[in-house]
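Below is one structure; the comments refer to it alone.
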Amino acid sequence: MTISYKQLGLVNTKNLFAKAIAGGYAIPAYNFNNMEQLQAIIAACVETNSPVILQVSSGARKYANQTLLRYMAQGAVEYAKELNQGAGIPIALHLDHGDTFELCKDCVDSGFSSVMIDGSHHSYEENIALTKKVVEYAHARDVTVEGELGVLAGIEDDVVADKSTYTKPEEVEDFVKRTNVDSLAISIGTSHGANKFTPAQCTRNAEGVLVPPPLRFDILEEVEKRLPGFPIVLHGASSVPMDQVKAINANGGALKDAVGIPEEQLRRAAKSAVCKINIDSDGRLAMTAAVRETFAKKPAEFDPRKYLGPARDALKELYKHKNQSVLGSAGHA
Ligand code: G3H
Ligand code: 13P
Ligand code: ZN
């Protein structure tokens, strides 16, 4: 049985991106795998009056079960209405890093309103062919599609890239024209996970904290010049706050040389053609810090609600902060 996202009360990304570009902000794209993450995302976005893209990776589908995740997204629409006096907020359900046509088709058929086909590890021509095939299937069902050009260093689902390959602005125009994709993830120096740069790639400030090299805004500007108003996506956009890393390590954790993208650089990107910013690792850090703190303070605790509850609260606060002070999406639902 196939189901349209419209039956679930979801929206695709077309209008969200048009408004974000006109308004100089970015839509948050937060990953979820379980109930507490979903509750935190929805509560944070309702409280800040922000639209949101709920992201599901293929790892999340395996972990939580794809059918359950779809019903959870449908439940999230109702939950947002309940929290927001019946009005709700615009919610898109998006496949993160789809790697095959079949996976994208399955998501389109089961109620996703947006899919990413990540052909960035293929050759340029293979990436175009795969992306075009997904776009044709999705657009016939009013589902929007994100492509990717350039390779981010780090782990993208099961694919590990040691080095990033920056997006070539001269390829972007051709890629978008030939695939008819709705948005494009580009590589300008971000990467996935909590160790985005090696210490050798960074400098150290007076306190000895690692300072990463700046994002390649020159590439972003060149892309924007060639395709004015076209929606650009930033993956790997966690900032890896040092207070969270310290809290984790102070309570038994072992995170070494963690470093992320400074928030002011993301704020700058959000004011430009970047209209979707993906954040997952910062949420993982916030939850882990809270769980470790609870166990350190209350070693006898064994009710999951007593450690997942504070983790959920910490996650909600983090996402409210992102919407208000980094992405600028607060107030735009
Ligand atoms: O881009 C990767 C996302 O953070 C999803 O991660 O594949 O471990 O669910 P995952
Ligand atoms: P982070 O690992 O920086 O949170 O990136 C998440 C992401 O890009 C999901 O697609
Ligand atoms: Zn990603």
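The values are calculated or read from the model by the stated rules, or taken from the named source; none is laboratory data. Being a predicted model, the structure only gives us computed values, none of them experimental. Note: ideal-geometry Cβ built from the backbone for every residue, glycine included; neighbour counts use all protein chains shown.
Here are the numbers:
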read-out	value
Restricting the range 296-330 to residues that are touching a Phe, Trp or Tyr at 6+ places or on another chain (Cβ under 9 Å) and surrounded by fewer than 16 Cβ atoms within 10 Å (Cβ to Cβ), the residue that is farthest from VAL245 (Cα to Cα)	GLU301
All positions within the range 106-124 that are in contact with a helix residue (DSSP H, G or I) (Cβ under 6 Å, 6 or more places away or on another chain) and either farther than 13 Å from SER57 by Cα or basic (Lys, Arg) (or both)	VAL108, SER110, GLY111, SER113, GLY119
Cβ pairs under 6 Å, 6+ apart, first in the range 276-297 and within 16 Å of ligand 1 (Cβ to nearest atom), second part of a helix (DSSP H, G or I) and of a type in the set (A, V, I, L, M)	ILE277/LEU327; GLY283/LEU315; ALA286/ALA314; ALA286/LEU315; ALA286/LEU318; MET287/ALA311; MET287/LEU315; THR288/ILE248
Options ALA20, ALA92, ALA76, ALA64; residue that is out of contact with any Ser or Thr (no Cβ under 9 Å at 6 or more places or on another chain), closer than 27 Å to ALA286 by Cα, modelled with pLDDT of 95 or more and crowded, with 21+ Cβ neighbours inside 10 Å	ALA76
The lone exception for VAL108 - which of (1) away from ligand 3 (no atom under 16 Å from the Cβ); (2) modelled with pLDDT under 95; (3) aliphatic (A, V, I, L, M) it fails	(2)
Residue, farthest from ligand 2 (Cβ to nearest atom), within the range 264-300, restricted to residues that are under 18 Å from the mean Cα position of the chain (by Cα), in a helix (DSSP H, G or I) and aliphatic (A, V, I, L, M)	ALA270
Boolean, THR2 is over 15 Å from the mean Cα position of the chain (by Cα) and surrounded by 19 or more Cβ atoms within 10 Å (Cβ to Cβ)	no
Given (1) surrounded by fewer than 16 Cβ atoms within 10 Å (Cβ to Cβ); (2) in contact with a strand residue (DSSP E or B) (Cβ under 8 Å, 6 or more places away or on another chain), index of the condition GLU264 fails	(2)
Exclusive hit being more than 16 Å from ligand 3 (Cβ to nearest atom), more than 27 Å from ALA87 (Cα to Cα), touching a strand residue (DSSP E or B) at 6+ places or on another chain (Cβ under 6 Å) and not acidic (Asp, Glu), set ALA254, ALA247, ALA300, ALA273	ALA273
Flag for ASP96 being part of a helix (DSSP H, G or I) and either farther than 30 Å from LYS168 by Cβ or in contact (Cβ under 8 Å) with a residue 12 or more places away in the chain (or both)	no
Whichever residue in the range 27-45 is in contact with a Phe, Trp or Tyr (Cβ under 8 Å, 6 or more places away or on another chain) and in a strand (DSSP E or B) and, among such residues, is surrounded by the most Cβ atoms within 10 Å (Cβ to Cβ)	PRO28
Single residue of the range 46-60 satisfying the filter (surrounded by 22 or more Cβ atoms within 10 Å (Cβ to Cβ), within 23 Å of PRO310 (Cα to Cα) and not aliphatic (A, V, I, L, M)) that is nearest to the chain's Cα centre (by Cα)	GLN55
